[in-house]
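The values are calculated or read from the model by the stated rules, or taken from the named source; none is laboratory data. The shown structure was predicted, so the numbers you read here are calculated from the model rather than taken from an experiment. All Cβ positions, even for glycine, are placed from backbone atoms using ideal geometry, and neighbour counts span all protein chains on display.
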Amino acid sequence: MANLSDMSLKILEVMKQHPDGITEGEIREKLKIPPAEQANFGRRRRELNYLHLIEKVQDGPRVLYVYKGPRTKPRDTSQINIRLRAQALHAARGRCGNCGRTIEKHGIVLVVDHKVPREWGGETVPDNLWAICEDCNAGKKNYFKSVDADWMRKVMAHKSVHVRLGETLKAFKGEAVPAATLEFVANQDDWKKRIRELRYLGWEIETFNRKLSEGGRVSSYYQLVKSRPWPEDPTGIIRQYERDRAERNKADD
Ligand SMILES: [Zn+2]
């Protein structure tokens with residue numbers, strides 16, 4: 001279950017081959033990463049931190065990554081420091097990232113929160129922090145309480161985006177899951193399409209909008225109606241299904 005994405009594994013391999021450390025630029029060069037994947041490189045490298053201990057060492061102007069071995073305990077992330085907190089609050093511009101209410105109009109108080117909880121392996125990095133109002137924060141804590149954090153940590157590290165999304169929906173046991181949670185679990189722009197593709201495997205998922213609070217904006221939610229056991233290679237089967245359909249469409253023309 002605890003699989004990492006293919007790119008993460010390749011990055012890990014290169015780090016292991018260079019026990020004295022290697023820079024990010026050198027890793028990119030060795031892996032000859034296609035331009036389309038370049039943007040994901042940083043995330044893929046950080047993803048390794050869930051399961052592996054990797055030290056960052058300053059060597060003159062160079063930053064080296066040194067592989068230290070697998071983690072025996074789940075990552076213990078630090079508190080959100082002042083700089084990260086200020087950064088997230090600045091980016092919010094007085095508006096709750098979840099419900100959209102503002103300090104000025106609705107008198108809300110903003111708190112800085114992890115989008116993906118730390119217990120799931122969510123990191124204390126700008127990408128995973130947002131400013132939300134106290135109401136949303138309380139609601140979210142309540143919401144995530146029912147979800148098994150150990151299981152979610154494994155789900156987050158799975159290489160198939162379809163398995164990550166499907167297992168997250170299952171983990172909420174029929175409760176509606178906020179779009180923001182699924183977006184982060186998918187870790188890609190096309191995440192809505194990936195959810196729709198689960199239909200090819202016989203899954204049924206409903207989507208609906210909900211207003212979180214008076215004056216807030218409408219947020220979308222996803223709810224699992226029916227799930228199916230995973231085949232050997234879910235993402236591969238979905239890709240094959242799409243290729244077959246494209247062929248059929250061509251034949252119909
Ligand atoms: Zn809010």
Under 7 Å by Cβ, and 6 or more places apart or on different chains, what pairs join a residue from region 90-105 that is closer than 12 Å to Leu212 by Cα with one that is exposed (fewer than 15 other Cβ atoms within 10 Å of the Cβ) and of a type outside the set (A, V, I, L, M)?
-> Cys99/Arg217; Gly100/Arg217; Arg101/Gly215
Identify, by number, the condition in (1) in the same structural domain as Tyr221 (by TED's automatic domain parsing); (2) in contact (Cβ under 8 Å) with a residue 40 or more places away in the chain; (3) under 15 Å from the mean Cα position of the chain (by Cα); (4) more than 16 Å from the ligand (Cβ to nearest atom) that Ala176 doesn't meet.
-> (3)
Taking the stated definitions as given, is Leu169 crowded, with 17+ Cβ neighbours inside 10 Å, farther than 30 Å from Asp244 by Cβ and not aromatic (Phe, Trp, Tyr)?
-> no
Pairs where the first residue, in region 234-253, is in the same structural domain as Val163 (by TED's automatic domain parsing) and the second is surrounded by 12 or more Cβ atoms within 10 Å (Cβ to Cβ) and acidic (Asp, Glu), C-beta under 7 Å, 6+ apart | Ile238/Glu197
Count of residues meeting criterion [closer than 21 Å to Ala186 by Cβ and more than 12 Å from the ligand (Cβ to nearest atom)] in region 92-136 = 16
